[in-house]
Each structure stands twice: as C-alpha cells, then as structure tokens.
Amino acid sequence: MVAVRLAQATDIPAISALDARLTGTSKPDYWRERLAPGLHFLVAETGKGAFAGFIAGEVRAWEFGQPPAGWVFAIQIDPRLRLKGAGSALFDALVARFKAEGVTRVRTLVDRKDHLILSFFRAQGMVAGPSLQLDKELS
Amino acid sequence: MKLQTATRLGLYATLELARDPAQTLSSADLAERFGVSTHHLAKVLRTLSTAGLVQAERGASGGYRFTGNRRRITLMDIVALFEPAPGNRAKEPGEDTEIGGALQRVLTEIDEIAEATLRSVSLETMLKHPM
C-alpha cells in the first residue's frame, strides 16, 4: 500500500539523494524551490512509512503558445520499491491536482533513449503530443 | 511508417493472442479475423513461436497461445523479429557525400523516434489503452 502526501522541507534530503543517485547530479536547491506555493510537489511512502519516491509538476499557461496544461517536470521512484504502484499513485495524485486547477491536459518531456520512463508514461495512457522538441549545441 | 506485411501480421497475431493468454487460436482463426492469407500467417506464427512469444498446441483444439509477458514485451520486440535493425542496414549509394550524409542524419532522427515509440509501448499498454 502506497500513501501520497505533499512534500515538506524535511523531505528534501531524501528527494535530493534519490535524484542524485539516479541522475548523477545533486541539486538540493532546485528541489527546495519546488516547495514554493502554487507548484505541485508530492512524495510517496510505503505502508511502513519509508520514502518511495516523488513527483513534481506545475500548471503552465502559454508556454510555447500552448493553452494551460499540467506539466510533469520530474518523477523518481526508489529502484528497490518499483513495480509496487508508487509511480502510478503519484501520477494519479498529481493529475487530480491538475484537474482541480481546471486543466484538461497533462504533458511531460522524456529522453527518447530512456525507455523505462517512456514506458511508464505510456502505461498511464500518455501518447505523443503536438509539439516536437528541437535543440542545438551552441559553440 | 510503413511496416512489412510479416511485421504487421506478427503484431496482429501477438496482440490478439495476448488479449487472453488462456485462449488458443489456429492460424486459420487468426487469418480470418484479420482478413489475411493463412499461409503467410502460419510462417509468421512459426517465427513468433521460435522467439518464445507464442506456443503451438497440438490436438483437435490445437493452435497457438500467448506465452510471453504482456508487461515486458514491447511492440519493438515484435517489429525487430521481422524488420532489419536500423544499425544493420547496408550503406546506400551517395551516402558518403555531403548531401547524402545530411539526408542520412534526418532519416536516422526519424528512425530513432520511431524506435523509441515502439520500444515504449508494451503489449499491456497497447491492450489497455488502444490509443
């Protein structure tokens, strides 16, 4: 059984440590800023109260000309606790909060070589959106 | 994106059988369901069987049933059985020229996006959210 609740300042060390372990980059200041009012930052705990992962998102309007939508900026689950429903519980809770804000779409950006996270979002019913991300190395 | 006929039949057959792993369907049943040639489908089913995705059942009610893992197997796993791997294709004439190289980079970009898409959709996802 997984419980989802709002992230608190005391969760930042666990959030930052999990993120650093999975991405190789420690960024506690970034995660602390995600606690600001108006942003959505949730954590999942196992039935025994152990930290299982987190999700961060925000409703953004008119970014890239797009009408208001809920954006998922990050989701990380402790690899030892995967496949137990924590990711889906976090996603569902975030989507419920987006709906409460009145938006009807959820979006995210995913590394196309990260098949694990791509599969996760697909399993939540997400499909390719209307935008194509472009980038260029600046020399 | 254009798939070879065998690839399309492989996807049809695998998804139809994965819909209910307890069911056994003959190649004739599947061919009729999708309006395709039984002969062609029988060859495709043999490939799927060799790959361990389906198993042939003998007897009066014989046929094929799904034996893979719906949550683990992706559309790409099936496509890869029938289509050449993107990295294994032969070099096309003109590819070493400046224009040929530039064109190839665009085509590779398209291939990578197609592969990422196919690899991200498991059979479970496909059957749960028919898009």
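A few notes on this one:
- For region B:5-128, the Kirkwood estimate of the hydrodynamic radius, built from every pair of different alpha carbons, is 15.9 Å.
- In a simple Cβ point-charge model (Lys, Arg +1; Asp, Glu -1; nothing else charged), region A:76-139 has a dipole of about 200 debye relative to its Cα centre.
- In degrees, nearest ten, helix A:12-23 long axis to first principal axis of chain A (Cα): 60 degrees
- Beta bridges by DSSP in chain A, antiparallel share as percent, to the nearest 5: 85 percent
- Rg over Rh for region A:64-139 works out to 1.00, both radii taken from alpha-carbon positions and Rh defined as the Kirkwood radius.
- Comparing A:Gly47, A:Gly85, A:Gly57 in a Gaussian network model of chain A (Cα springs below 10 Å), the most mobile by mean-square fluctuation is A:Gly47.
- Computed from backbone phi, the HN-Hα couplings of region B:62-68 come to x, x, 10, 9, 6, 10, x Hz, rounded to whole numbers (Karplus: 6.51 cos²θ - 1.76 cosθ + 1.60, θ = phi - 60°; Gly and Pro given as x).
- Cross-link pairs beyond the 30 Å C-alpha cut-off, checked among A:Lys136/B:Lys128; A:Lys84/B:Lys2; A:Lys99/B:Lys128; A:Lys84/A:Lys113; A:Lys84/A:Lys136: A:Lys136/B:Lys128; A:Lys84/B:Lys2; A:Lys84/A:Lys136
- Cα-only Debye scattering, region B:66-105: base-10 log of I(q)/I(0) at q = 0.14, 0.24, 0.29, 0.30 Å⁻¹: -0.51, -0.83, -0.97, -0.99
- Mean residue ellipticity (222 nm) of chain A, computed from DSSP H runs ≥ 4 via -39,500 (n - 2.57), nearest 500: -9000 deg cm²/dmol
- For chain A, the relative contact order is 20 percent, taking Cα pairs closer than 8 Å that sit 6 or more residues apart in sequence and dividing their mean separation by the residue count.
- In a reduced charge model with +1 at each Lys and Arg Cβ and -1 at each Asp and Glu Cβ, chain B shows a dipole moment near 600 debye about its Cα centre.
- With a 10 Å cut-off around each Cβ of B:67-76, the average count of Cβ atoms from other chains is 1.
- Since only A:Leu134, B:Gly62, B:Thr97 are under comparison, the one whose Cα sits farthest along the positive direction of the charge dipole of the protein assembly as shown, derived from C-beta charges on Lys, Arg, Asp and Glu, is B:Gly62.
- Classified by the C-alpha gyration tensor, region A:13-59 has an oblate form. Its axis ratio a/c, with a ≥ b ≥ c, is 1.5 or above, and a/b does not exceed b/c.
- Each other residue within a Cβ distance under 15 Å of B:Phe34 adds +1 if Lys or Arg and -1 if Asp or Glu, for a net charge of +1.
- Where the alpha-carbon atoms of chain A are placed on the principal axes, they occupy 43, 41, 29 Å, in descending order.
- Taking only the alpha carbons of the protein assembly as shown, we obtain Rg and Dmax values of 22.6, 69 Å in that order.
- Mean per-residue shielding of peptide A:114-120 is 4, counting Cβ atoms of other chains within 10 Å of each Cβ.
- The dipole here belongs to region A:1-129: it is taken about the Cα centre, uses +1 on the Cβ of Lys and Arg and -1 on the Cβ of Asp and Glu, and is about 300 debye.
Throughout, read-outs are computed from the coordinates displayed, never taken from laboratory work. What you see is a predicted model; the values in this text were computed from it and never measured. Positions of Cβ are generated from backbone atoms using ideal geometry, with glycine treated the same way; all protein chains shown enter the neighbour counts.
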